[in-house]
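Laboratory data are not the source of any read-out in this text; all were calculated from the coordinates shown. Note that this is a predicted model, so its numbers are computed, not measured.
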Amino acid sequence: MITSLRRAVRTRHPVEVEMGLVALVLLAWQAARIPLEGTVETSVAHAQSVRRLEHALGLDVENSVIRFGATAPFDGILEWMYTGIHTPALFGFLAAACVYAPERYTRLRTIFVVSFLPALLAIGLYPLAPPHWLPELGFGLAPRQDELAGSIETLIHNSTAAIASQHFGFAVFIAAASLWLAPRSRIAWATLAYPALVFVVIVGTGNHYVLDCIVGLLTFVFAAAVAVLLHGRREPRPTNAPATREVVSISFGFMMIAWGLVSLQLISPRGWSNAVPVLVLAGGIAAVLVPRLSAKEPLVESG
C-alpha cells in the first residue's frame, strides 16, 4: 500500500490537469470547512484567549497593523488584496513550478495537499472568531448566531476558521519553494517579500491574528515532513526546462484564469459586473494556449 501511495504521489500530469487538481483541492478545502463552523460565543471566547496568549508572548501587534490598514488609501487596497491576490498567486506559482521543474513539482504538490489536513483539524478543534468580530480592535459587534446562515454567502463559508491562516502558509510556501527551485534567481529571492505583504493584508483587514500565521506556517512544516517520507530526501535528476517566456506566459495565464474565476459574481450578478472577469479569464486561457500551440515540441512538464 505504501509503495502504491508513493507511486501515486510521484505521478505528474500536464499542467492543465495539475491546475485542475489544484482547483478541486481548494474546492474540497472550502467544502470541508463548512460543517466545522463553531458558535459565535465559543469562537469569540477563543479569540479573547488568543489575544491574552499573544500579549503574554509579546506578539499582540494587531492594533498597530489594523490602524494602518484602516487609513486611506490602504484600507481599500488591502481589502482588494485580501480577496484578489492569494488564489491567483498560488495558481501562478504552481503552474510555473509544474512547467519549470516537473521533476520537483510532485513534492510541492504533496506539501500543498497535505497542509490542509492539520489545518482542518485545528479549525474543527478550535473555532476562532476573526479580529473584525472584536469591538476593542475598532470593528463592530460580532454577528448574531442566526446571521452566520443568513445568506448563501455566509452559509457556504466558515466564519470561525481563523485559527489556521493558509493564506500566510501559502505565501511562505511560495517563497521557500521558489528559492528551492531557483536559488540563484533574483525573482525567487524577491518572493521573500510576499509573506510580509500577506501578513500586512490578512492582519490589517482584521481577518487573522499573528498566532494564526504561525499555525498556518506549521501546517506546511508538517506537510513538508510528510513529503520527505513519501518522496524521500534524494532529489530527482532535473530535466531541461522550457524557455522562460513559455514559463512566464503559462504562469501569468493561470494567474489570470484564477483571478477571473474568483472575481465572477455568480450568486447575484449585476449588469456588466462580470465583464472584466470574463475578459481576464479569456486572456488567461489565451496566454496558456499560445505557447502550447506554438511549441515545436510538447512542453516537458508531463510524464
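Would you pull out the residues with amide H under 5 Å of Ala161's amide H, same chain only if 5 or more places away, H placed 1.01 Å from N? Residues meeting the criterion, in which the H sits 1.01 Å from N, are Leu128. Across the chain, the relative contact order, built from alpha-carbon pairs under 8 Å that are at least six residues apart, equals 29 percent. Contact order for the range 162-296, expressed relative to its length and based on alpha carbon pairs under 8 Å spaced 6+ residues apart, stands at 23 percent. Output the DSSP H helices from the chain with an along-axis C-alpha extent of no less than 30 Å and a mean Kyte-Doolittle hydropathy no less than 0.0. Once both thresholds are applied, what remains is 210-231. From its DSSP helices (H runs of at least four residues, each -39,500 (n - 2.57)), the chain gives a residue-normalised ellipticity at 222 nm of -21000 deg cm²/dmol.
Normalised by the number of residues in the range 244-295, the mean separation of alpha-carbon contacts (under 8 Å, six or more apart) gives a relative contact order of 50 percent. Directionally averaged projected area (the range 99-210, Cα convex hull): 8.8 nm². Just so you know, the averaged projected area of the alpha carbon convex hull for the range 244-295 sits at 3.5 nm². Using the Cα gyration tensor of the range 54-128, with a ≥ b ≥ c the square roots of its eigenvalues, what is the shape: rounded (a/c below 1.5), prolate (a/b larger than b/c) or oblate (neither)? Oblate is the answer for the range 54-128, as a/c is 1.5 or above yet b/c matches or exceeds a/b. Kirkwood radius, the chain, all distinct C-alpha pairs, inverse of mean reciprocal distance: 20.6 Å.
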